[in-house]
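Since the structure comes first, as structure tokens, the remarks are kept for the end.
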Amino acid sequence: MSTLDVKLFYVAFWLYFAGFIAFSLYITFRKDQIWRIAARLMAVGLIPQTAAIITRWLTSEHVPLSNMYEYMSLMSWMAVILLLVLIKKYRRPLVGSFISPLVFMLMVTASLLPKDVSMALVPALQSYWITIHVTLAALGSGAFVVACAVGFIYLMKIHQRQPKSTIPGKTLKLWAICFIAFPVVFYFLLRLFGFELKSDLQIAFGGIPVTGWGSFLIGLGLATLLAGIGMPILYNLSLKKKDSSHFGSNFFAISIFALLIAALIAGLLNTGGIFTLSERSPLRIFEFFGMILILYWPMMLICYSLLYSSKGNFLNRIDFNLDLLDEINYKAITIGYPLYTVGALFAGAIWAEKAWGSFWSWDPKEVGSLVIWLFYSGFLHARFQRQWKGPKAAILAVFGLLMVILSFFGNYFFGGAHSYT
């Protein structure tokens, strides 16, 4: 039965969805009235979402930050606030067209997670340090979402379309080799050399369970990681020196956006019982990666076709100044970094000591938080000391969000002391 806070959440959900649609229409029609409606829808959506957080707080009698649904909701709330601030400060409504899809993805993800109110917290959660730890970590992650969205805009904008260039076609072929041909061949090579990929994964078509796909998905999942490393290397060796249009950066942005959509669809299918991962298998995360890869194939081709079959009209409509985008990206990370540092690391360590008697225990989510912190520390160091700006900074911002998402859902696959969140 839906509680009041969940009903308020869904009111915000549909308002954000309407705002996302309106921002998408703004890209096409470029009417000021459209983006004003979109911004107002997002602003109005903050009201029921804020009310949902407060209502849940009053109902549970503790800060509503004890599970993944509550964390994701606060993360999206922060992203919407920054979206509205950016539009007001820079008078560039197009930024909403890129941030709103990510906000909606966060809301969809939150809607899939268990929403039961924790009336009686486990002992580890009965501390005021959870408020500091989770709140600041979620707010910092929300700022990283905005940096990622701005990075997307930069990478889309920097590409200078050259009608007679063969680079786009060659890049797409290289992608097909790395992400379609190689994973399939890799799986059969594993089977040929006798590697056992045991899996209990089940896929249900029309309510009829179909087995035998698990090992194939594991093989694809393992190959996906290798392909993700190999394609940039191959592109740099074979195509980058011939490409003066920055198409590679543009292609990267399209590819990551398609990957996020594929991951979201995979989550929906898993939640809906269409496919069920193996229980307690160390390879179950690769089952999920394999499913994402299969969904990624059509999503990538669809996104690519929508952007390049219209003779570049969409890309030409991105009228941001690149220096401004780089500045916004940097400022978003400088907002998120200290919040995440204090929340995820320092407050988290203090909370761990009080809850489990140790500041550090190599828990999977602790390791994930440390890796994220080191990544953004490296970003700021490269920015100050190496003058990494422009495409490099944008690509790092996009990678950073992928790491945040992977760490967030890591406990589903790796367990650990954070498995209750």
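What follows is calculated from the coordinates using simple rules that are stated; it is not laboratory data. In this text the structure is predicted, and so the values were computed from the model without any measurement. Note: ideal-geometry Cβ built from the backbone for every residue, glycine included; neighbour counts use all protein chains shown.
Dipole check for the stretch 261-354: with +1 at the C-beta of Lys and Arg, -1 at the C-beta of Asp and Glu, and the Cα centre as origin, the magnitude is about 220 Debye. Each part reduced to its alpha carbon centroid, the stretch 60-74 and the stretch 280-301 end up 28 Å apart. Applying 0.36 nm per residue to the separation of Lys170 and Leu374 and subtracting their alpha-carbon distance, the gain on full extension is 70.0 nm. Note on Ile54 and Val85: with the Förster distance fixed at 25 Å, the Cβ-Cβ geometry gives a FRET efficiency of about 0.70. Per the Debye formula on identical point scatterers at the alpha carbon atoms of the stretch 228-326, with no solvent, log10 I(q)/I(0) at q = 0.20 Å⁻¹ is -1.10. Dipole size of the chain about its Cα centre, with +1 on Lys/Arg Cβ and -1 on Asp/Glu Cβ: approximately 1700 debye, rounded to the nearest 20.
Per residue, the convex hull spanned by the Cα atoms of the stretch 334-384 measures out at 62 cubic angstrom. For the chain, the calculated P(r), taken from all Cα-Cα distances in 10 Å bins from zero up to the bin holding the longest distance, is 4, 20, 30, 28, 14, 3, 0 percent.
If R0 is taken as 30 Å, the Cβ-Cβ distance between Leu113 and Gln162 corresponds to a FRET efficiency of 0.10.
Run the paramagnetic zone check for Tyr10: 7 angstrom along Cα to Cβ, then residues of the stretch 92-113 with backbone nitrogen under 16 Å. Backbone N within reach: 107-113.
A DSSP coil position with no more than 14 other Cβ atoms inside 10 Å describes the following chymotrypsin sites (Phe, Trp or Tyr not before Pro) in the stretch 179-280: Phe193, Phe195. Label zone of Leu301 (point 7 Å out along Cα→Cβ, amide N under 19 Å): in the stretch 152-187 this covers 168-185. Dividing the C-alpha radius of gyration of the stretch 172-311 by 2.2 N^0.38 Å, with N its residue count, gives 1.14. Across all directions, the average flat footprint of the convex hull enclosing the Cα atoms of the stretch 188-268 is 7.5 nm². Pair-distance distribution P(r) for the stretch 259-380, from all Cα-Cα distances in 5 Å bins starting at 0: 2, 9, 11, 10, 11, 15, 19, 13, 6, 3, 1, 0, 0 percent. In terms of packing, defined here as the mean over residues of other Cβ atoms within 10 angstrom, the peptides 138-150, 48-60 line up highest first as 138-150, 48-60. Put the Cα centre of the stretch 342-379 next to the Cα centre of the stretch 10-28 and the gap is 35 Å.
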